[in-house]
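The values are calculated or read from the model by the stated rules, or taken from the named source; none is laboratory data. Being a predicted model, the structure only gives us computed values, none of them experimental. Here Cβ is always computed from backbone atoms with ideal geometry, including for glycine, and neighbour counts include all displayed protein chains. These area figures cover heavy atoms from the full protein model, side chains too; ligands, DNA and RNA do not enter into them. Shrake-Rupley method; radii C 1.70, N 1.55, O 1.52, S 1.80 Å.
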Amino acid sequence: MRNNFLLSFCLIFGMALAIPVLAQPNTDPQLAQQYYQNGEYEKAAALYEKLYSKSNNQGYYDLYLNCLVMLKDYDAAEKLVRKAIKREGEDAMLLADLGYIYSASGDHEKAKQYYANAVKAMPADPNMAARLANSFITRRQNGFAIDTYLKARRTINQQYNYGFELANLYASQGDIPAMLEEYYDLLIINPGYLQTVQNTLMTRVAQEPEGKYKEMLRTSLLRRVQKYPDQPVFSEMLTWFMIQQKDFDMALLQAKALDKRFNEDGQRVIQIASMAVSNADYDAAINGYQYVIEKGARSPYYITARLEMLNAINAQLDASGFASAASIQALKSNYTKALAELGKSAVTAPLLKGLAHLDAFYLNDISSATALLNEAIALPGLRPQVQAQLKLELGDIYVLTGEVWEATLLYGQVDKAFKNDPLGQEAKLRNAKLSYYTGDFEWAKGQLDVLKSATSQLISNDAMALSLLIADNTALDTSTVAMMMYARADLLEYQNHDTLALAALDSILVTYPRHSLTDEVYYKKATIAKKKGRFQDAADLLQKVVNEYPSDILADDALFQLGDIYEFHLKDTVKAMDYYEQLMLKHPGSSFTVEARKRYRALRGDILN
């Protein structure tokens, strides 16, 4: 028993003594690495000198040299390199190491001389080119890295031309024109790089806040298109860039050129026109659809273009805030002609939807609108998505007529059938608006907050705006009476009961002076005035928003609307330009900024294409 105890004690004691020994680095390489990482360069240098002298290992050489430079022992560092040169000859990497030593010691002229000699000594070997260039990059000598790759391009017989490496280096030096030229040359060699180049350029453009890259990119692409008319990749690049900048006029111009060249039957043009509609650039969209329509009924996209052009005109009517009787009747006539030509079917159901919207919201013909929609919903072969869109439109008409329960049922059907789909999210948004109209702000805000993360940016933005309106104007007013009055006025305006809406808005101004809703009230009154064709009254109200609430959420909206009114209705281009310029300068992140800049440049007389 005693012997067992003694044996156990000895074993445990022995293990305890062994543990700290095992925890320490037990080889010179490990110990040297630990010293190096801890910044103990003198201890590390002693070990690396020993290791290098034994093995002549390149890795130990590099680390030993770095230690000597960090210790500012430049004489020892130079002796190390010259000894290696004596043994191996004037190797490019060793000459670069001498340059590194002289640069670290402050002798920059001598450093440049040795760096240049390193590039000259580099053999026609792609591996050596990569090593030498990386050595220069690590030592922040990007200019010599560029020289290395350029020499490799001239002397090494291979298809790869180091374009991506050179482009990155030029970018690091701020030489954007040279960077762009490298990317463009890559596309000539291999158009398959298109997606990679686009992604890289957009990242660089996004990182440059002043917009200089954008203008350089635009100008250089235009030059390339002109210089290489036989290289369609540059027209595709220009089209892509203009879409990113939401310049759909220019994008369509390039798309039409590509369409004619490759006989695409208008497919690319249709796609860009659809993007233009999504970004509320209706004039550009209509132009694109008209181009496809003019190809004639034999075009496979003819019917799509006919349908979408009418829908774009209808959407433009809604967005404009003002529609003349003549424009409404002209659009109705176009719908009637299209239906007569194409007939009523599952394919033309969107025409019935558009005509119903026009009848209900502009011509006050509710019975015709509901009949058209019910007829469309019952059409055989209708896709579920199209049927859902028809139901949403019918729900909107029920809101228009005050049949809130019927509207809620239809919105709920679509929401249930298309969960986590943009259609379902749109239905949820409309139901939330109904709750807002009826004063159930808490429930409405809960639904809206969910929709802030909607996949559709438009739905997300609308949800965020309405949620913010509710939050800002109920937090300090526990009674929410003023908010209920405003929501009621909002509903009345939607239902085209404009006189009643104005009376409700005026009541807010009288009963709750200086309420947080005041800017919203002014803006809503301006919307009604514009709808009625009272453009100067609308401008005066919008000016109040700008003057009294310059930092509030509606300030950029008001500036854009002022520019629009003065440009298109009051015909004062000087004032229009002034408001567009104010918007660009004061609200550069506004969703209206791109369109404001486009209009400003057009009014100034710039050649945009």
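Annotations for the structure displayed:
- Among the candidates Val225, Val205, residue that is open to solvent by less than 20 Å² (accessible area, probe 1.4 Å) and out of contact with any strand residue (DSSP E or B) (no Cβ under 9 Å at 6 or more places or on another chain): Val205
- Meets criteria (closer than 29 Å to Leu468 by Cβ and of a type in the set (Val, Ile, Thr)) for Val404: yes
- Pairs, first over 22 Å from Val197 (Cα atoms) in the stretch 150-167, second surrounded by fewer than 17 Cβ atoms within 10 Å (Cβ to Cβ), C-beta under 6 Å, six or more apart: Thr155/Ala124; Ile156/Ala124; Ile156/Pro126
- Residue count for the stretch 453-466 satisfying the condition of being open to solvent by 20 Å² or more (accessible area, probe 1.4 Å) and under 17 Å from Lys419 (Cβ atoms): 3.
- Scan the stretch 320-351 for residues that are assigned to a helix (DSSP H, G or I) and open to solvent by 10 Å² or more (accessible area, probe 1.4 Å) and the total you get is 17.
- Candidates Arg261, Arg268, filtered to the one that is within 30 Å of Arg306 (Cβ to Cβ) and either exposed (fewer than 14 other Cβ atoms within 10 Å of the Cβ) or without any contact (Cβ under 8 Å) to a residue 12 or more places away in the chain (or both): Arg261
- Count of residues meeting criterion [under 17 Å from Asp73 (Cα atoms), assigned to a helix (DSSP H, G or I) and open to solvent by 40 Å² or more (accessible area, probe 1.4 Å)] in the stretch 30-49: 6
- Residue in the stretch 278-300 that is of a type in the set (D, E, K, R), part of a helix (DSSP H, G or I) and farther than 30 Å from Arg534 by Cβ present: no
- Meets criteria (surrounded by 14 or more Cβ atoms within 10 Å (Cβ to Cβ) and more than 30 Å from Glu567 (Cβ to Cβ)) for Arg488: yes
- Filter result for Ser507 (buried (at least 20 other Cβ atoms within 10 Å of the Cβ) and not basic (Lys, Arg)): no
- All positions within the stretch 565-609 that are of a type outside the set (Ser, Thr, Tyr) and touching a Gly at 6+ places or on another chain (Cβ under 6 Å): Ala576
- Unique residue being among the aliphatic types (A, V, I, L, M), at pLDDT 95 or above and part of a helix (DSSP H, G or I) when the list is Leu434, Leu458: Leu434
- Selection status of Ala130, farther than 25 Å from Leu47 by Cα and free of Cβ contacts under 8 Å to residues at least 60 places away in the same chain: yes
- The stretch 326-341 residues that are touching a residue at least 24 places away in the same chain (Cβ under 8 Å) and under 20 Å from Asn364 (Cβ atoms), paired with ones that are open to solvent by 40 Å² or more (accessible area, probe 1.4 Å) and in a helix (DSSP H, G or I) (beta carbon under 9 Å, 6 or more apart): Leu331/Ile313; Asn334/Ile313
- Failed item, numbered, when Glu520 is tested on (1) over 26 Å from Leu458 (Cα atoms); (2) crowded, with 22+ Cβ neighbours inside 10 Å: (1)
- Residues that are at pLDDT below 95 and open to solvent by less than 60 Å² (accessible area, probe 1.4 Å) within the stretch 408-421 comprise just one, Asp421.
- Between Ala124, Ala145, Ala116, the distinction of being assigned to a helix (DSSP H, G or I) and surrounded by fewer than 22 Cβ atoms within 10 Å (Cβ to Cβ) belongs to Ala116 only.
- Pair list, Cβ under 9 Å, 6 or more apart: the stretch 367-379 residue at negative phi and modelled with pLDDT under 95, other residue outside any helix (DSSP H, G or I) and open to solvent by less than 60 Å² (accessible area, probe 1.4 Å): none
- Cβ pairs under 6 Å, 6+ apart, first in the stretch 229-251 and within 24 Å of Ala602 (Cα to Cα), second among the polar types (S, T, N, Q) and part of a loop (DSSP other than H, G, I, E, B): Lys246/Asn279; Met250/Asn609
Conditions tested, residue by residue: (1) surrounded by 16 or more Cβ atoms within 10 Å (Cβ to Cβ); (2) among the basic types (Lys, Arg); (3) under 26 Å from Thr27 (Cβ atoms); (4) in contact with a Lys or Arg (Cβ under 7 Å, 6 or more places away or on another chain).
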site: Leu65; (1), (2), (3), (4): yes, no, yes, no
site: Leu71; (1), (2), (3), (4): no, no, yes, no
site: Lys79; (1), (2), (3), (4): no, yes, no, no
site: Glu88; (1), (2), (3), (4): no, no, no, no
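- Of the residues examined, Gly354 is not one that is touching a residue at least 40 places away in the same chain (Cβ under 8 Å), within 30 Å of Ala325 (Cβ to Cβ) and outside any helix (DSSP H, G or I).
- Checked against (1) part of a helix (DSSP H, G or I); (2) farther than 21 Å from Val594 by Cα, Pro229 passes all but a single condition, namely (1).
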